[in-house]
Amino acid sequence: MAATAGLRAALERQTVLALERGALLPIETALTHIEDGGVRFGVRVAANLVRKDAALRTLDAQPPRDPFLPYEAGLFVADLSPTHVALLNKFNVIDRHLLIVTRRFEPQEALLDVADFAALAVALREIDGLGFYNGGTVAGASQPHKHLQMVPLPLDERGPPVPMEALLDRVPAAEGKRAVVVVPGLNFRHAFARLDLLADSADEAARAAHACYRALLDAAGVKAIDVEGVAHQGAPYNLLVTRRWMWLVPRSRERIDGISVNTLGFAGSFFVRDTTQLHTLAQIGPMKALEHVSFTPGT
């Protein structure tokens with residue numbers, strides 16, 4: 001495993017450089033909140049998507065290519081492991097948003113393996129953050145090349161570091177490390193487990209996290225399927241990982257009333273394109289929106 005005893009410093013340094021050189025193009029947003037179901041959801045409303053939309057139109061006019069092979073040099077942060085690199089998210093909504101990308105092409109629908117969790121564990125052990133994975137386009141994935149993501153915590157200055165922890169913390173610590181449970185008060189199919197990514201060595205933490213992930217997949221009803229000798233997901237899902245817990249939610253659809261929902265929605269953080277979408281989300285309710293794009297228990 002590559003040494004990254006400077007990942008935080010490298011992230012800060014490369015963020016400044018990428019902003020100066022125009023490699024990093026943050027999406028300006030205004031943060032507001034919607035209280036729903038015992039959670040204070042953060043909703044980021046885009047102030048100006050013109051720059052991103054123009055860039056995407058330019059890309060659409062070109063032959064399809066993998067943006068990670070090669071990756072843009074100005075977005076490189078660090079070598080995490082022999083198999084993964086850390087890059088800045090070019091169109092970031094949240095500051096210091098990292099992409100944890102495989103060096104060679106692997107499909108996003110392939111199951112995560114120990115090497116994926118080894119790279120994520122390296123990052124999470126140095127930076128207290130939220131790691132997450134959009135398992136397929138229905139779950140919010142925008143690129144077919146396998147990549148995890150991580151944003152620093154807290155997501156909001158008020159309340160829990162991850163807003164949804166207002167409910168996740170209802171799971172008694174007595175349930176034990178890596179015991180798979182459901183969270184009281186959540187009316188959609190999911191599987192949750194506590195873990196401690198700081199308790200063991202990085203290699204041991206990666207193996208434990210991978211075992212926990214496979215247990216969550218089984219408990220949530222996401223079957224593994226074989227595609228040309230490689231284990232793939234049998235259904236789309238979102239995965240959330242912190243130093244303290246792991247949570248997996250199967251997905252039934254990608255959006256509700258035009259509002260896209262990716263893994264961060266289940267963390268308690270939504271992104272909307274304009275005030276019209278904000279009003280729509282407020283009318284529906286963030287919790288109902290999450291239920292709509294998931295499965296009800298038992299289905």
What list of ³J(HN,Hα) values in whole Hz, one per residue of the stretch 11-21 in order, does the Karplus curve 6.51 cos²θ - 1.76 cosθ + 1.60 (θ = phi - 60°) give from phi, with Gly and Pro shown as x? 5, 5, 5, 6, 4, 5, 5, 5, 5, 4, 9
Take the alpha carbon atoms of the stretch 68-104, find their center, do the same for the stretch 250-299, and report the distance between the two centers in whole angstrom. 27 Å
Go through 235-245, 72-82 and give me the packing order, highest mean Cβ count within 10 Å leading. 235-245, 72-82
Proximal lysine pairs in the chain, meaning Cα under 25 Å and 8 or more positions apart or interchain, come to 5
Tell me, what ³J(HN,Hα) does each residue in the stretch 156-164 have, in order and in whole Hz, if you take phi through Karplus 6.51 cos²θ - 1.76 cosθ + 1.60 with θ = phi - 60° and put x for Gly and Pro? 9, 6, 10, x, x, x, 10, x, 5
Give me the number: length gained by fully extending D218 to F91, i.e. 0.36 nm times residue separation minus the C-alpha to C-alpha distance, one decimal in nm. 42.4 nm
Asserting the computed 222 nm helical MRE of the chain (DSSP H runs at least 4 long, -39500 (n - 2.57) per run, divided by residue count, to nearest 500) equals -8500 deg cm²/dmol
For the stretch 7-292, give the magnitude of the charge dipole about the Cα centre (Cβ charges: +1 Lys/Arg, -1 Asp/Glu; no others), in debye to the nearest 20. 160 debye
Descending packing, highest mean Cβ count within 10 Å first, for 271-278, 41-48, 207-214, 130-137 is 130-137, 207-214, 41-48, 271-278
What does the C-alpha gyration tensor say about the overall shape of the stretch 14-169? Classify as rounded when a/c is under 1.5, otherwise prolate if a/b is larger than b/c, or oblate. oblate
Along the charge dipole of the chain, which of T275, V93, L17 sits closest to the positive end, that is, farthest toward it, with unit charges on the beta carbon of Lys, Arg, Asp and Glu (+1, +1, -1, -1)? T275
Could you list which residues have their amide H under 5 Å from that of R251, counting only those 5 or more apart in sequence or on another chain, with H placed in the peptide plane? Y237, N238
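Where a number appears in this text, it was derived from the coordinates with a stated rule and is not lab data. None of the values given here were measured: they were computed from a predicted structure. Every residue, glycine among them, receives a Cβ derived from its backbone with ideal geometry; neighbour counts consider all protein chains shown.
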